[in-house]
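Undergrad: Please read through the structure below; I'll follow up with questions.
The values are calculated or read from the model by the stated rules, or taken from the named source; none is laboratory data. Please read all numbers here as calculations on a predicted model, not as lab measurements. For neighbour counting, all protein chains shown are included, and Cβ atoms are generated from backbone atoms with ideal geometry for every residue, glycine included. We work out accessible area using only protein heavy atoms, side chains counted, and drop any ligands, DNA or RNA first. Shrake-Rupley method; radii C 1.70, N 1.55, O 1.52, S 1.80 Å.
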Amino acid sequence: MVESDTVSKKQEVKGLENKANFEEAIEHTGYGKFHYILLAICGLVSTSEEMDVISLSFILPSAECDLHLTTENKGWLNSIIFIGMMAGAYCWGSVADSLGRKKVLIVISFVNALCIIASSFSQSYEMFMLFRFLNGAALGGSGPVIWSYFAEFQPKSKRGSMLSFMAAFWTFGNLFVAGLAWVIIPSDIGVVSEYFTYNSWRIFLLVCAVPSIIVGVLLFFLPESPKFLLSRGRNDEAIEIFKGIYQMNTGKDRNSYPIKYVLSTDVEDQIQTVKDTKIPHTKVEKYKAMMADIMDNSKQLFKNPILKFTTISITLNLTFHIGYYGLMMWFPELFNRFDEFAKDHPGESASVCQVTNYVVGLEETQKSCSNKIESQVFMESLITVSSALPANIFAILFMDKLGRKFFMVFSTVSAGICSASMYFVYNQTHNLIVSAVFSGAISCGNAALDCLITEIFPTNLRATGIAVSMVSARLGGIIGNIVIATLLDMYCPAPTFIVAFLLAGGGLLSLFLPNTTRTDLQ
């Protein structure tokens with residue numbers, strides 16, 4: 001009898017040793033080669049996304065003549081990609097929560113590349129707007145899905161620093177696109193005829209499509225998110241992925257991976273697993289089930305206890321991105337205006353508003369149009385985005401030590417002060433310094449915001465929750481660009497102070513979110 005009890009206890013202990021929750025399972029895979037390859041590929045997705053968004057700010061001064069752009073047209077061109085992203089973010093995020101992260105990311109990458117290439121061949125303002133909208137609709141799914149996908153491979157001890165590292169790839173995208181613009185746009189290359197124009201800024205757009213194509217190919221070699229598979233009750237598939245990660249990271253035989261079954265510690269995961277067992281397997285029924293999942297996920301985001309997180313996330317993303325895109329996408333235009341003023345008034349001091357009034361008046365009186373932009377404008381843009389690099393390094397090193405909320409508040413208040421300070425600059429150098437400091441400060445906040453929004457939602461709602469937040473972010477981009485475009489020429493002092501107030505006020509809202517630093521991913 002005693003011997004029988006001993007055997008039973010040994011079997012029970014052995015069974016428990018083969019089981020673990022998700023955090024324990026991912027910890028047992030080790031941390032190494034797989035995660036660095038994952039970072040490189042997912043980072044390239046973020047790089048290509050930021051390149052596509054910010055590239056338009058570099059072509060606006062050059063495209064002005066080809067597309068007959070007014071300041072208002074430029075504001076709408078900056079905004080149209082965000083309108084497309086709003087339409088795409090929610091749909092793609094919801095589909096990713098239903099069908100999986102990897103498949104959606106591959107489709108998005110190739111569609112995105114095709115739209116960029118088509119826009120580069122567009123010969124009219126209307127066609128260019130159409131393809132930029134479609135580009136945005138594809139691009140809208142990239143952010144919500146890639147952040148969910150990447151985070152779901154990270155152990156809690158590394159998640160903050162690695163998500164901050166991912167955010168740094170946005171800076172790499174800014175640097176890369178600024179460098180490309182500096183090399184390509186001022187050069188006299190391309191084809192110009194009476195019926196067809198394919199000049200340097202169009203070639204620049206074509207080159208910007210290349211990273212999306214590369215990303216689409218590389219994603220084929222990555223596995224599906226094991227966290228997603230577990231939320232769908234597909235334990236065996238998740239275990240096989242864990243085994244592959246274990247083998248790549250440790251160099252050991254995949255069959256020596258100690259975990260055989262992953263326990264669900266998430267109530268939402270358990271509910272989702274039950275729901276999946278009831279899903280029929282015909283194609284029509286699968287699509288119906290997917291649509292039902294999308295509607296159900298959306299409803300859950302606006303019910304307690306998730307409602308508070310959703311509301312703060314929406315508000316925080318809206319205010320942050322009014323500031324981020326409202327100013328960042330107009331820096332090259334402002335640099336160009338200072339350059340035009342300096343040509344006609346060498347050595348004279350002038351504020352942003354004085355320079356703007358001069359350039360607007362000049363455009364109204366001049367009949368000719370010049371698309372020749374000095375390389376100094378692109379050099380200043382490159383300096384501005386380069387200042388985000390040390391800020392990103394600081395975020396990577398200290399995100400898990402100082403916490404997400406510290407970075408969020410520090411960044412938004414600092415960026416708000418910079419925004420207000422732009423009203424008081426009175427020469428090109430001062431404008432460059434304030435722009436560079438703003439770029440560095442806002443980059444820290446971007447990393448913290450990405451961490452917070454990725455971590456506060458549970459697995460089965462994560463991509464949908466991030467998508468809803470991204471819709472709000474894109475709306476912020478639209479409002480920021482339209483307000484800046486409208487007020488910059490009509491009432492110049494207003495934009496900088498509006499942005500300052502929204503950034504600082506929105507950042508303080510993060511204090512009402514839970515502390516997710518070094519905690520289990522829900």
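Undergrad: Since V107 meets every condition but one in (1) of a type in the set (A, V, I, L, M); (2) free of Cβ contacts under 8 Å to residues at least 40 places away in the same chain; (3) under 27 Å from K260 (Cβ atoms), which condition does it not meet?
TA: Against the list (1) of a type in the set (A, V, I, L, M); (2) free of Cβ contacts under 8 Å to residues at least 40 places away in the same chain; (3) under 27 Å from K260 (Cβ atoms), V107 comes up short only on (3).
Undergrad: Same structure again: Which residue pairs have Cβ atoms under 7 Å apart, sit 6 or more places apart or on different chains, and have a first residue in the stretch 302-319 that is within 17 Å of S411 (Cβ to Cβ) and a second that is among the hydrophobic types (A, V, I, L, M, F, W, C) and outside any helix (DSSP H, G or I)?
TA: From residues that are within 17 Å of S411 (Cβ to Cβ), the pairs are I312/L513.
Undergrad: Got at least one residue in the stretch 176-187 being under 16 Å from F121 (Cα atoms), open to solvent by less than 20 Å² (accessible area, probe 1.4 Å) and part of a loop (DSSP other than H, G, I, E, B)? Write out each step before concluding.
TA: The first filter runs over the stretch 176-187 and keeps only residues under 16 Å from F121 (Cα atoms), leaving 185.
Subset that is open to solvent by less than 20 Å² (accessible area, probe 1.4 Å): 185.
Next cut, part of a loop (DSSP other than H, G, I, E, B) only: 185.
Checking the stretch 176-187: at least one residue is under 16 Å from F121 (Cα atoms), open to solvent by less than 20 Å² (accessible area, probe 1.4 Å) and part of a loop (DSSP other than H, G, I, E, B).
Undergrad: Restricting attention to the stretch 116-153, which residues are acidic (D, E) and surrounded by fewer than 24 Cβ atoms within 10 Å (Cβ to Cβ)?
TA: The one that is acidic (D, E) and surrounded by fewer than 24 Cβ atoms within 10 Å (Cβ to Cβ): E126.
Undergrad: It is to be established whether one or more residues within the stretch 438-453 are part of a helix (DSSP H, G or I), under 21 Å from P144 (Cα atoms), among the hydroxyl-bearing types (S, T, Y) and open to solvent by less than 10 Å² (accessible area, probe 1.4 Å).
TA: The answer is no, given that none of the residues of the stretch 438-453 is part of a helix (DSSP H, G or I), under 21 Å from P144 (Cα atoms), among the hydroxyl-bearing types (S, T, Y) and open to solvent by less than 10 Å² (accessible area, probe 1.4 Å).
Undergrad: For residues that are part of a loop (DSSP other than H, G, I, E, B) and in contact with a helix residue (DSSP H, G or I) (Cβ under 6 Å, 6 or more places away or on another chain), scanning just the stretch 118-152, find the one that is modelled with the highest pLDDT.
TA: S122
Undergrad: Let me ask you something else. Which of the residues that make up the stretch 154-173 are under 12 Å from the mean Cα position of the chain (by Cα) and open to solvent by 10 Å² or more (accessible area, probe 1.4 Å)?
TA: F169, W170
Undergrad: Pairs needed: first member in the stretch 19-44, among the charged types (D, E, K, R); second member anywhere, modelled with pLDDT of 90 or more; C-beta distance under 8 Å; at least 6 residues apart or different chains.
TA: Matching pairs, first to second residue: K33/M248; K33/N249.
Conditions (1) within 29 Å of the chain's Cα centre (by Cα); (2) open to solvent by 40 Å² or more (accessible area, probe 1.4 Å); (3) within 28 Å of V45 (Cβ to Cβ), marked per residue:
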{"residue": "P226", "(1), (2), (3)": "yes, no, yes"}
{"residue": "L230", "(1), (2), (3)": "yes, no, yes"}
{"residue": "N235", "(1), (2), (3)": "no, no, yes"}
{"residue": "A238", "(1), (2), (3)": "yes, no, yes"}
{"residue": "I245", "(1), (2), (3)": "yes, no, yes"}
{"residue": "G251", "(1), (2), (3)": "no, yes, yes"}
{"residue": "R254", "(1), (2), (3)": "no, yes, yes"}
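Undergrad: Okay, next question. Mind telling me which of the residues T47, T29 ends up being among the hydroxyl-bearing types (S, T, Y), more than 30 Å from L488 (Cα to Cα) and open to solvent by less than 50 Å² (accessible area, probe 1.4 Å)? Don't jump to the end; show me each part of the working.
TA: Values: T47 fails: more than 30 Å from L488 (Cα to Cα).
That would be T29, the only listed residue that is among the hydroxyl-bearing types (S, T, Y), more than 30 Å from L488 (Cα to Cα) and open to solvent by less than 50 Å² (accessible area, probe 1.4 Å).
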